[in-house]
Amino acid sequence: MTSESLQIKINSVIALYSNGQIKKAIVGAVALIKDYPNEALLYNINGAFYQAIGQLNESVKSFEKAVTINPDYAEAHYNLGVTLQQLSQFEAAMKSYEQAIAIKHAYPDAHNNLGAILQELGQLGAAVKSYEQAIAIKPDYADAYNNLGNALRDLGQMDAGVKSLKKAIAIKPDYAQAHNNLGVSFQERSQVD
């Protein structure tokens, strides 16, 4: 079988997933994995499918297999980090994001998510640097501006935090969370109006 025919089969499994037939997509991915046990992409796809249905432990196993087969697979490291973060395994998630960034430095989502974990762990300075990296790579990244605004507020840098939150809203005017965070910032500054 050629790699072209494998891609056709992968596309059909992804189409099942896209049409909401996630369990059928998993069955198809598992069948492909049996035929191509050394194809990291298949494990990454299967991990995403398991993640979508909330089977996070199975998802972790699939992503771990993908990065075992291909240690330089940045997206699989990132996906593993997302799943570990959902499982509140923050240290392991941080390592996965750091690995993704080491492979592909220009990875704004990995920088943003790493910042979120650092912020969760109270490492605000490092979180700010991660968010700033994400924004440097993707200047219109509203989520990173929102997160940066919160981290700056937590550091007591209210003006800079407000500026960042306003930037998030300028990029994405209907961003409810950023509007809420901006309101909280104004409230903390006693600017209730």
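The values are calculated or read from the model by the stated rules, or taken from the named source; none is laboratory data. Predicted, not measured: the structure shown is a model, and the values here were computed from it. Positions of Cβ are generated from backbone atoms using ideal geometry, with glycine treated the same way; all protein chains shown enter the neighbour counts. SASA here: full protein model, heavy atoms, side chains in, ligands and nucleic acids out. Shrake-Rupley method; radii C 1.70, N 1.55, O 1.52, S 1.80 Å.
Quick look at the values:
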{"read-out": "Formal net charge of residues neighbouring LYS104 (Cβ-Cβ distance under 14 Å; K, R +1; D, E -1)", "value": "-3"}
{"read-out": "Helix axis angle, 40-52 relative to the chain longest principal axis, alpha carbon, degrees", "value": "60"}
{"read-out": "Share of carbon and sulfur in the accessible heavy-atom surface of the chain [1.4 Å probe, %]", "value": "51"}
{"read-out": "Aspartates and glutamates with Cα under 17 Å of LYS65, excluding same-chain neighbours fewer than 8 positions away", "value": "ASP35, GLU39, GLU75"}
{"read-out": "Relative contact order, percent, region 59-130 [alpha-carbon distance under 8 Å, six or more residues apart]", "value": "23"}
{"read-out": "Of LYS9/LYS34; LYS23/LYS104; LYS9/LYS104; LYS104/LYS166, those spanning more than 25 Å from alpha-carbon to alpha-carbon", "value": "LYS23/LYS104; LYS9/LYS104; LYS104/LYS166"}
{"read-out": "Separation between Cα centres of region 1-33 and region 67-120, rounded to whole Å", "value": "25"}
{"read-out": "Degrees between helix 3-18 axis and first principal axis of the chain (Cα, 0 to 90, nearest 10)", "value": "50"}
{"read-out": "Relative contact order for region 32-161, counting Cα pairs under 8 Å that sit 6 or more residues apart, in percent", "value": "14"}
{"read-out": "The chain - charge dipole about Cα centre, Lys and Arg +1 at Cβ, Asp and Glu -1, debye rounded to 20", "value": "220"}
{"read-out": "Proximal lysines to LYS172, defined as alpha-carbon separation beneath 20 angstrom and excluding residues fewer than eight positions away on the same chain", "value": "LYS138, LYS163"}
{"read-out": "Selection of trypsin sites (Lys or Arg not before Pro), region 121-192, meeting DSSP coil and at most 15 other Cβ within 10 Å", "value": "ARG189"}
{"read-out": "Simple Cβ-charge dipole of region 1-100, Lys/Arg +1 and Asp/Glu -1, about Cα centre, in debye nearest 20", "value": "360"}
{"read-out": "Solvent-accessible area per residue for the chain (1.4 angstrom probe, square angstrom)", "value": "52"}
{"read-out": "Principal-axis tilt of helix 108-120 within the chain, Cα atoms, nearest 10 degrees", "value": "60"}
